[in-house]
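**Q** Below is the structure I would like to discuss, written out as structure tokens.
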Amino acid sequence: MSELSIIKRIAEICQLINHYNHQYYVLDEPSVPDVEYDRLMRELNTLETEHPHLKTVDSPSQKVGGTALKSFSQVTHQLPMLSLDNVFSEQEWQAFVKRLLDRLNRGGVTSTLDFAICAEPKLDGLAVSIRYEKGIFVQAATRGDGMVGENITENVRTIKSIPLRLQGTSFPDILEVRGEVFMPKASFDALNKQAIKKGEKGFANPRNAAAGSLRQLDSKITAKRNLGFYAYGIGFVGALNELDDDIESEVESIDESWLANSHYQRLCQIKALGLPMCPEVKLLENATQVEAFYQDILQQREALSYEIDGTVFKVDDIELQKKLGFVARAPRWATAYKFPAQEELTLLESVDFQV
Ligand code: NAD
């Protein structure tokens with residue numbers, strides 16, 4: 001391939017991906033199956049790796065997909081909400097492990113994981129960040145472009161499993177819980193059956209149904225949609241300090257002293273405060289267990305009450321996470337290990353759910 005044809009191909013892929021991103025993240029109406037989107041993204045990554053001088057700063061490979069809709073007020077995340085890198089095969093998983101070990105300078109010593117990994121299902125919904133102040137639910141936002149999301153506080157407030165007040169008394173003044181809002185399969189089926197009965201168009205899949213339900217301007221509609229939530233991480237954690245003689249003004253400062261030094265233990269901490277944690281999450285000791293977890297969840301996939309599209313593996317030790325750090329759009333200490341594509345996109349007849 002000549003340099004000119006590579007430049008043309010990269011431009012073509014970027015244009016397509018940007019278009020698909022708009023349909024998926026902004027309109028909640030994907031027009032191509034995920035497998036086709038993933039194929040294009042991988043082709044782009046390969047071309048950019050082979051020809052790094054052709055990688056542009058605004059390439060979709062460098063960005064967290066999504067844009068905050070102007071119809072919502074905007075929330076600037078105190079800590080960015082990133083995406084996840086992904087692997088699709090044993091070979092790619094091994095390459096991920098090698099990168100981890102090399103970065104931690106363990107590459108020469110061992111070729112297998114010799115530290116704990118937190119293993120989680122990859123929930124197929126929408127990422128949200130929920131902020132508690134002094135134990136009270138005060139704000140919820142979508143991921144958006146990772147820096148700025150949509151203020152969906154009133155909609156998230158209607159999700160029954162999300163506590164409006166934290167349990168117990170031991171929690172930081174400010175606690176941001178991050179996790180996935182999803183639509184259980186049974187609710188999705190019921191919603192689409194209802195739509196078809198009315199001659200309307202349903203959602204393409206539970207992920208789009210969750211996203212469409214959460215980004216409603218009328219929270220009464222969200223309340224009817226029976227959404228679920230599982231926490232999978234923590235964002236900003238801090239203290240609120242009152243200024244002398246002025247109770248009205250409080251200043252925030254980072255204070256992570258409450259947090260455990262293990263990702264898994266952190267999830268247990270927020271579970272103890274009353275937030276739902278996915279029951280399939282496990283702390284693994286070694287790489288053999290990684291493979292077994294992947295196979296186990298793959299087998300359970302059909303039977304689970306919620307949609308997943310893979311597993312997620314995260315380095316458990318927070319100190320190791322800090323050493324590994326981040327790239328532009330994702331942490332280096334985690335990866336999604338995606339399942340083979342289940343089915344092509346189902347497009348349903350047209351319908352308006354906004355009533
Ligand atoms: P992603 O969905 O591949 O991974 C990141 C997201 O995973 C996080 O933001 C979080 O919401 C979610 N997640 C679920 N379980 C998690 C867990 N246990 N821990 C941490 N995060 C967890 O990334 P993305 O950037 O949101 O989306 C990219 C994917 O979306 C593509 O691979 C493609 O499959 C799909 N997509 C499809 C189209 C289309 O047109 N069909 C367009 C854009 C994106």
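**Q** If I filter region 43-55 down to residues being without any contact (Cβ under 8 Å) to a residue 24 or more places away in the chain and within 23 Å of THR67 (Cβ to Cβ), which single residue comes out as farthest from the ligand (Cβ to nearest atom)?
**A** Among those that are without any contact (Cβ under 8 Å) to a residue 24 or more places away in the chain and within 23 Å of THR67 (Cβ to Cβ), it is LYS55.
**Q** I've got another one for you. Only one of these conditions is not met by TYR337: (1) of a type in the set (Ser, Thr, Tyr); (2) buried (at least 19 other Cβ atoms within 10 Å of the Cβ); (3) away from the ligand (no atom under 16 Å from the Cβ). Which number is it?
**A** Unmet for TYR337, out of (1) of a type in the set (Ser, Thr, Tyr); (2) buried (at least 19 other Cβ atoms within 10 Å of the Cβ); (3) away from the ligand (no atom under 16 Å from the Cβ): (3).
**Q** Out of all the residues in region 1-13, is one or more farther than 20 Å from VAL87 by Cα, within 7 Å of the ligand (Cβ to nearest atom), surrounded by 14 or more Cβ atoms within 10 Å (Cβ to Cβ) and without any contact (Cβ under 8 Å) to a residue 40 or more places away in the chain?
**A** No - not one qualifying residue is present in region 1-13.
**Q** So LYS220 passes all but one of these: (1) closer than 19 Å to GLY179 by Cα; (2) surrounded by fewer than 16 Cβ atoms within 10 Å (Cβ to Cβ); (3) not polar (S, T, N, Q). Which condition number does it fail?
**A** (1)
**Q** Right, something else. Using the structure shown, decide if PHE88 is surrounded by fewer than 18 Cβ atoms within 10 Å (Cβ to Cβ) and touching a Lys or Arg at 6+ places or on another chain (Cβ under 7 Å).
**A** yes
**Q** In addition: Helices (runs of 4 or more DSSP H) wholly in region 252-328 with at least 1 residues that are modelled with pLDDT under 95 and in contact with a helix residue (DSSP H, G or I) (Cβ under 9 Å, 6 or more places away or on another chain) - which ones?
**A** Helices (runs of 4 or more DSSP H) meeting the threshold: 287-300.
**Q** Separate question: Pick from ALA127, ALA209, ALA140, ALA204: which is crowded, with 22+ Cβ neighbours inside 10 Å, at pLDDT below 95 and within 23 Å of the chain's Cα centre (by Cα)?
**A** Matching residue, one of ALA127, ALA209, ALA140, ALA204: ALA209.
The values are calculated or read from the model by the stated rules, or taken from the named source; none is laboratory data. Since this is a predicted model, take the numbers as computed values, not measurements. Here Cβ is always computed from backbone atoms with ideal geometry, including for glycine, and neighbour counts include all displayed protein chains.
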